[in-house]
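Read through the structure below, which is laid out as structure tokens, and then see the notes.
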Amino acid sequence: MPNLEHPAYPAATLLQLESLVPCRESQVSLLLSIFGERQHFSFPSIFIYGHTSSGKTYVMQTLLSTLQLPHVFVNCMECFTSRLLLEEILTQLQSCSPETEQTSQVPCDTFNDFVRLFKQAVATQELRDQTLYIVLDRAEQLREMEANILPAFLRLQELTDRNVTVVLLSEIVWELFRPNTGCFEPFTLYFPDYSIGHLQKILSQNHPPEYSADFYSAYINILLGVFYMVCRDLKELQHLAALNFSKYCEPVARGEANERDSRKLWKNIEPHLKKAMQTVYLREISSSQWEHLQHDDGEPGQLKGLSAHTHVELPYYSKFLLIAAYLASYNPVRTDKRFFLKIYWTENILFLLLAILYSIVDNRVAPTANIFSQITSLVTLQLLSTVGHNDQLDGPRYKCTVSLDFIRAVAR
């Protein structure tokens, strides 16, 4: 018996949707109840939260696409200023309207302009007759924008007098969003972490056609037995499952064991899973490098650039300073203003280093003597080098001397 039922959508469509979102039937069923029928006004704003890889983004994309509901999907991490965010929404709205043949960039400076342009964009009969959904992924970035952006999005249905629902997706709870001045309260929906049973069911669906489902399910059971206590991230587990399956199959491919010979299969895969345990989440080497390493039965440390952070321990801000120095040394000058737009610009190399530091650190960093002393320490460790003469009047100049592999390891 299907778990998803709704009078506005065909049973075959709901059955397809249910197969695409395993272990999230209760959340999808609740969302369908909130959405109602296409022409009905839905809740003005919905706040969906949960940990990383709990299926928030995937479920919303799958739900809206499968039911063919008009929607705009924007990642707030990519659109890091209010202007970029508002313009991206308006640009995507053009593709929702069948009357627009070619999309173009729509300039929008303020939320008042956005409301006016939004009304024009949804003036077509097709968009007026059904609910439009605006989904803002990584919505916690809205807190870094102007104070009026978040409250305005929560009340967009009221401000525009249009049938629109704003869906916010975030990894943090609503209490950390709520402004001190108050705002319209959205409907909140929690996506819990996947249990080990859920992970087993989801991962087992990706079994290769040349092997039986029971054989691949037994492999997933072994994988979860090793990694579940240290990693419950579905994306990471999918990566690990795809990366190590060829090694698990080797005895079967060579004819040394059959698919039910679990003891031989376990003894063959056990040392390789232990190696993978050392670098879970880190992505210190590519998939091709890892497969080459397994083939040669080598150790992870034999590859260049691997686990550099285990050999050089740096203070917290020194790591960010080193990353900022690398960006200042090798990032093209023409893109500096684009990427580090929020900081007052200067040609002074030391100020440029600090400007990049302020852009990549989440919290505010005061330019204290402690920060400057850490720059000196990086020079002493020969991670930075002084460029030019000591008597230069425009301040000292530094250059990062470490490789990109080293920076990637420190950034993790």
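Overview of values
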{"quantity": "Sequence of 229, 277 from largest to smallest accessible area, 1.4 Å probe", "calculated": "229, 277"}
{"quantity": "Residue 377-residue 155 pseudo-label distance in nm [points 7 Å out on the Cα-to-Cβ vector]", "calculated": "4.9 nm"}
{"quantity": "Solvent-accessible area of residue 88 with every protein chain in place, 1.4 Å probe, in Å² to the nearest 10", "calculated": "60 Å²"}
{"quantity": "Phi to ³J(HN,Hα) by Karplus 6.51 cos²θ - 1.76 cosθ + 1.60 over region 26-40, Hz, x for Gly, Pro", "calculated": "5, 5, 5, 4, 5, 5, 4, 5, 5, 5, x, 7, 4, 7, 7"}
{"quantity": "Dmax and Rg, reported as Rg then Dmax, of region 11-190 (C-alpha, Å)", "calculated": "15.7, 46"}
{"quantity": "Computed FRET value (nearest 0.05) for residue 361 with residue 401, which takes r as the C-beta separation and R₀ as 22 Å", "calculated": "0.50"}
{"quantity": "Extension gain from residue 228 to residue 37, taking 0.36 nm per residue of separation minus the Cα-Cα distance", "calculated": "64.8 nm"}
{"quantity": "FRET E, pair residue 183, residue 52, Förster distance 22 Å, beta-carbon r, rounded to 0.05", "calculated": "0.30"}
{"quantity": "Stretchable slack from residue 235 to residue 113, in nm (0.36 nm times residue separation minus alpha-carbon distance)", "calculated": "40.0 nm"}
{"quantity": "Probe 1.4 Å - accessible area at residue 316, Å² to nearest ten", "calculated": "140 Å²"}
{"quantity": "Distance between modelled label sites at residue 368 and residue 198, nm, 7 Å Cα→Cβ extension", "calculated": "4.2 nm"}
{"quantity": "Listed pairs 201/247; 201/235; 235/264; 275/319; 319/399 exceeding 18 Å between Cα atoms", "calculated": "201/247; 235/264; 275/319"}
{"quantity": "Amide H contacts under 5 Å for residue 133, placed H, 5+ residues apart", "calculated": "71, 72, 165"}
{"quantity": "Distance in nm between pseudo-label sites at residue 253 and residue 84 (7 Å out along the Cβ direction from Cα)", "calculated": "4.3 nm"}
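The values are calculated or read from the model by the stated rules, or taken from the named source; none is laboratory data. Only a predicted model underlies this, so the values are computations on that prediction, with no experimental measurement involved. Here Cβ is always computed from backbone atoms with ideal geometry, including for glycine, and neighbour counts include all displayed protein chains. Accessible surface areas use protein heavy atoms only, side chains included; no ligands, DNA or RNA. Shrake-Rupley method; radii C 1.70, N 1.55, O 1.52, S 1.80 Å.
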